[in-house]
Amino acid sequence: MGRKPNLNPNEEGRIESEEYGPLPGLDYQFFEYMQEGVTVYELMRDEAGEIVDLVITYANLAAYRQRKSLKKGLIGKSIIELYGSEAVSIDLKKANEVVTTGRGTEYDTYFAPVNKYFSVTAFSPKEDVYITLATDITKQRKAEEEMQIERQKLMDIIEFLPDATFVIDENKRVIAWNKAIEEMTGTLKEDILGKGEYAYSIPFYGEKRPILIDLIFLSEKEMEDKYAYVKREGKTLFAEVFVSNLFGGKGAYVSVKASPLCDRDGNLVGSIETVRDITELRKELCPK
């Protein structure tokens, strides 16, 4: 855009350029070199005193770069004129909140005119002056959306697995409980999703206690004390156990597999456990 500020060393707190004139009263030199997009506005009010528009009196280099796809100037224009009333409705609402309460605020917003997400800090340092500091968080937000899509795909796969399966997050809260485990335990997903503190052990043992999914990082001896058969392959555990509470109290011998779930950086974000009914197989292998 060819916008080059001309800092005037003879007048403290003032900045000049070919696009905007002297702006007294605030340290605009400090704003000019901030990484956040800094925009200063004059408040436009209706007869009732409500802020109905904001006129841009200053925008630093970062703010221009954040809006460069608009291919138009900013100084002296109102945000409704630039972006349309619908696109700035949240910004005007926040401006009224800040000026009315006298307290700054932080909020995230999607800004449709440039197809970007911003994290915004807003405050009013003096009467009829409103300032926003905007950080472009588009990459982070899109990464979160992509992760959420992938997570939903995983949940859909888990839901229709033939083996009884559940998943807990890093805080040991249940985040998936599929149809097969509903049938095995009699516990519906709506009654257990979001619950922690070993709630997932109650459908199996009638009490809150650690189960295989909790023992991933324990020693072989500690696991052997709780299971007749246990095997470790890497960080994945395998065990066999008789659980009397399953299938409405009929009980069943089950083969259990528990594995940690890690993110792309190798951080533990949860665990998954699958439970397979092997009662008939045990009867065949060990007839009375």
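Every read-out reported here was derived from the displayed coordinates using simple, explicitly stated rules and does not represent laboratory data. Fair warning: this is a prediction, and the values are worked out from it, not measured in the lab. Virtual Cβ from ideal backbone geometry, glycine too; neighbours counted across all protein chains shown.
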Within region 236-265, what residues put their amide N at less than 13 Å from the label point 7 Å along the Cα-to-Cβ vector of GLU150? 262-265
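How far, in nm, would the chain grow between GLU207 and ASP108 when pulled straight, counting 0.36 nm per residue and subtracting the alpha carbon separation? Could you put the intermediate results ahead of the total?
Details: separation 99, 0.36 × 99 = 35.64 nm, distance 4.25 nm.
This chain segment gains 31.4 nm when fully extended.
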Region 249-260 - phi-based ³J(HN,Hα) in whole Hz, Karplus 6.51/-1.76/1.60, Gly and Pro as x: x, 5, x, 6, 7, 10, 9, 10, 10, 10, 9, x
Answer check: region 143-285, Cα atoms, Kirkwood Rh, Rg/Rh ratio of 0.96
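For the pair GLU50 and GLU159, what calculated FRET efficiency results from E = 1/(1 + (r/R0)^6), where r is the Cβ-Cβ distance and R0 = 41 Å, to the nearest 0.05?
Values: r = 49 Å, r/R0 = 1.19.
It comes out at approximately 0.25.
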Taking the Cα centre of region 143-285 as the origin, how large is its charge dipole in debye, to the nearest 20, when only Lys and Arg (+1) and Asp and Glu (-1) carry charge on their Cβ atoms? 480
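Extension gain ASP169-THR100, at 0.36 nm per residue separation less the Cα-Cα distance, in nm? Display every interim value, and only then the final one.
Values: separation 69, 0.36 × 69 = 24.84 nm, distance 4.11 nm.
Result: 20.7 nm gained on full extension.
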Between GLU86 and MET34, what length in nm is gained on full extension when 0.36 nm per residue of separation is reduced by their alpha carbon distance? 15.9 nm
Going fewest to most other Cβ atoms within 10 Å around each Cβ, ASP46, ASP108, ASP265 line up as ASP265, ASP46, ASP108
